[in-house]
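Chemist: Dropping the structure in here first, questions after.
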Amino acid sequence: MGRSRRTIPEELLLLALDPATGTTAQPQSLDLGLAGAQLVELALAGRIAPDGDRIAVVMPRPTGDPTLDSALELLRRRGSPVRAVHWIGGPRLGLRQIYLAHLERCGMVHAVAGQMCGVLPTVRYQATDTAISREIRARLDSAIRTGVPPDPRTAALAALAHAVGLGKHLYPGNEGRSSRSRLRDLIRHDPMGGLVAHAVMDVQNGVAAQPRRDRAPAQPAARAATSGGVPLQPRRTGAMARAVAH
């Protein structure tokens, strides 16, 4: 799919990256959001499509993006549509670190080594071009301010930003309350983005065991082919890893 356009996982991570500290907001839920963002990106690329509350592969051809293609291959190996909550909530943590390394390889961030308490090594990340982050933020701000329905990519990004709890990071305090509310409302403008955002919130709320019954089903896979995954990662323990980015 080429590198002329940033992917939604990349944009979500850049939104979460604090330029002052080099850490990411909402680090725990961000892994879930990145898994959901991969699904949206694959749907926009025509590789997968919603089938009720499940995700079906409709075109297994690789996209050319290694991180997305790892997700696509894992979905293909399932052999049958998988529920979005099961995919997003599966034992596939570590996407934040994988995407930080990916952004570093792409030249969008650079790593800054440091120490915690003067002893424990840490790595923080700074954007190499702050104009990119400003452009991403400006798209969200415009959608919130104008009320004009955004394009599917921006709508999905807004839905995921809300789902992982970035609203308080992007629009803090009482003065940001109305903006956070409008950010949440943008979830309705993209069916696939809404599906995965609700799945992210369901996983966080621990209600992924049963299908949701309070929403209309998404378009069947055969009709919605136009609207993640990475190698399996073990859950991190309390041990400090080198590449700590909050």
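The values are calculated or read from the model by the stated rules, or taken from the named source; none is laboratory data. None of these values were measured; they are calculated from a predicted model. For accessibility, only protein heavy atoms count, side chains too; no ligands or nucleic acids. Shrake-Rupley method; radii C 1.70, N 1.55, O 1.52, S 1.80 Å.
Chemist: Taking every pair of Cα atoms in the stretch 32-175, average 1/r, invert it to obtain the Kirkwood radius, and report Rg/Rh to two decimals. Can you show the working numbers first?
Modeler: On the way: Rg = 17.4 Å, Rh = 17.3 Å.
Rg/Rh: 1.00.
Chemist: If I ignore ligands, DNA and RNA and count only protein heavy atoms, how much of GLU175 is accessible to a 1.4 Å probe, in Å² to the nearest 10?
Modeler: That residue has around 150 Å² of solvent-accessible surface.
Chemist: For the stretch 147-211, what size does the Cα cloud have along each of its three principal axes, sorted from largest down, in whole Å?
Modeler: Over the stretch 147-211, Cα extents along the principal axes are 37, 26, 13 Å.
Chemist: Largest first, how would SER178, SER29 line up by accessible area (1.4 Å probe)? Working shown, then result.
Modeler: Values: SER178 55, SER29 10 Å².
The ranking, largest first, comes out as SER178, SER29.
Chemist: Kindly give the semi-axes, whole Å and largest first, of the ellipsoid equivalent to the stretch 1-109, taking each as the square root of 5 times a Cα gyration tensor eigenvalue. Mind showing how you got there, number by number?
Modeler: Values: eigenvalues 118, 52, 23 Å².
They are 24, 16, 11 Å, listed from largest to smallest.
Chemist: Let me ask you something else. Which values, in whole Å and largest first, are the semi-axes of the equivalent ellipsoid of the stretch 11-69 obtained as the square root of 5 times each eigenvalue of the Cα gyration tensor? Each step should come with its number before you reach the end.
Modeler: On the way: eigenvalues 147, 36, 11 Å².
Over the Cα atoms of the stretch 11-69, the ellipsoid semi-axes are 27, 13, 8 Å.
Chemist: What do you reckon, how do ARG177, ARG83, ARG184 stack up by accessible area (1.4 Å probe), largest on top?
Modeler: Values: ARG177 140, ARG83 15, ARG184 110 Å².
The most accessible residue leads, giving ARG177, ARG184, ARG83.
Chemist: Working with all protein chains in place, sort VAL58, VAL123, VAL203 by solvent-accessible area computed with a 1.4 Å probe, largest first.
Modeler: On the way: VAL58 60, VAL123 5, VAL203 35 Å².
I get VAL58, VAL203, VAL123, largest accessible area first.
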